[in-house]
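A quick write-up on the structure given underneath.
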Amino acid sequence: MSQTTTPWISNSAVTWEQLRRKPEYISYYKSLKNKGLTLKYITQTQSLMMASRHFPTAHKFGLLAPADPNAYAGETHVFWHPDIFEAVVRFHIIDPIAIGRTQKPLQLSKVPGEKIHFLDARGTYHIRILGKGFWFQMQCDDTEHVDENDYIGFDMNHLINLAKKLKTLKEMRGLSDGSIELNSPLHVPARLENHHKTMLAYDIRERGGSILDVIKALKDAKYLSEDPDKYIDFTNAAQNAYRAAKAHINGDYVKMLNK
């Protein structure tokens, strides 16, 4: 497992960092002889991942489909299941001819971020939009193709988690029209540094490194430093970081998704 800090720092990306280290998930992914996923390139810049089967075990881990645990979120098709990810919104495609003068639909190409498209075995179309500090997911039940220049509207007749969904729409519009800066930490956890520190300790220990190796790495990354005014037990700090990582990975890691 990589010991470098992930470039994706949203709550959803941090949650993936924990899941991809979970021994049970790694074993599950390795056991899949037929992952049932096909990548199709629609244009030079747009690809579509298609599923030919259902993934009940992946769903138990909170995912729509299995994703490679050796990859960061931005390097693979991680989609959180809408049953656990409260900010997922439903969308529909709007015919440009039907757009009135007072309407302001969102054009998909205007929303910044890396976009991944996924068509599941039930025929539901999912789009993930990923930036350094944000992660959006949306889905549509009645289409098999979405062009990057399509105009989309949102269905708000699903009252569950309405506040989160409205917040998602506001953020997507803000990023689209520039009223929200691209590098804004929209979905970044408050204790991001603590996450980085604990995952670093976990990776070193799981690869056979010693507590001294952990201490050196934490010092090099400036997560630990000498304080002339007080005593710091570096051994205890390194051990606590490793224990905290195991607690997150083996515990309820999906809690961070909806913060």
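The values are calculated or read from the model by the stated rules, or taken from the named source; none is laboratory data. Quick caveat, the model's predicted, so the values are computed rather than measured. Don't worry about glycine lacking a Cβ; one is built from the backbone with ideal geometry, like all the others, and counts go over all protein chains shown.
Going through segment 131-159 one residue at a time, which ones are loosely packed, with under 12 Cβ neighbours inside 10 Å and either free of Cβ contacts under 8 Å to residues at least 40 places away in the same chain or not in a loop (DSSP other than H, G, I, E, B) (or both)?
Matches in segment 131-159: E144, N157, L159.
Test L32 against the stated conditions and say whether it is touching a residue at least 40 places away in the same chain (Cβ under 8 Å) and of a type outside the set (K, R). It would help to see each step written out before you state the result.
Values: touching a residue at least 40 places away in the same chain (Cβ under 8 Å): no; of a type outside the set (K, R): yes.
So L32 does not fit the description; no.
Tell me yes or no: at least one residue of segment 147-169 is outside the structural domain of A244 (by TED's automatic domain parsing), hydroxyl-bearing (S, T, Y), within 15 Å of F91 (Cβ to Cβ) and over 20 Å from the mean Cα position of the chain (by Cα).
First, pick out the residues of segment 147-169 that are outside the structural domain of A244 (by TED's automatic domain parsing): 147-169.
Now narrow it down to the ones that are hydroxyl-bearing (S, T, Y): 151, 168.
Those left that are additionally within 15 Å of F91 (Cβ to Cβ): 151, 168.
Keeping just the survivors that are over 20 Å from the mean Cα position of the chain (by Cα) gives 151.
Checked against the condition, which is being outside the structural domain of A244 (by TED's automatic domain parsing), hydroxyl-bearing (S, T, Y), within 15 Å of F91 (Cβ to Cβ) and over 20 Å from the mean Cα position of the chain (by Cα), segment 147-169 yields at least one hit.
With A13, A71, A65 as the choices, which residue is farther than 15 Å from F118 by Cα and in contact with a His (Cβ under 9 Å, 6 or more places away or on another chain)?
A13
Return the residues of segment 214-243 that are aliphatic (A, V, I, L, M) and either at pLDDT below 90 or assigned to a helix (DSSP H, G or I) (or both); say none if nothing qualifies. Break it down into steps so the answer makes sense when it comes.
The first filter runs over segment 214-243 and keeps only residues aliphatic (A, V, I, L, M), leaving 214-215, 217-218, 221, 224, 232, 237-238, 241.
Within segment 214-243, V214, I215, A217, L218, L224, I232, A237, A238, A241 qualify.
Check K115 against each of (1) over 20 Å from D95 (Cα atoms); (2) free of Cβ contacts under 8 Å to residues at least 40 places away in the same chain and name the one condition it does not meet.
(2)
Take N194 and decide whether it is in a loop (DSSP other than H, G, I, E, B), within 24 Å of the chain's Cα centre (by Cα) and farther than 23 Å from H81 by Cα.
So N194 does not fit the description; no.
Go through segment 226-244 residue by residue and tally those that are within 20 Å of R205 (Cα to Cα) and either touching a residue at least 60 places away in the same chain (Cβ under 8 Å) or among the hydroxyl-bearing types (S, T, Y) (or both).
2
Could you pull out every one of the helices (runs of 4 or more DSSP H) wholly within segment 1-106 that has 2 or more residues that are surrounded by fewer than 20 Cβ atoms within 10 Å (Cβ to Cβ) and out of contact with any strand residue (DSSP E or B) (no Cβ under 6 Å at 6 or more places or on another chain)?
Qualifying helices (runs of 4 or more DSSP H): 23-31, 56-60.
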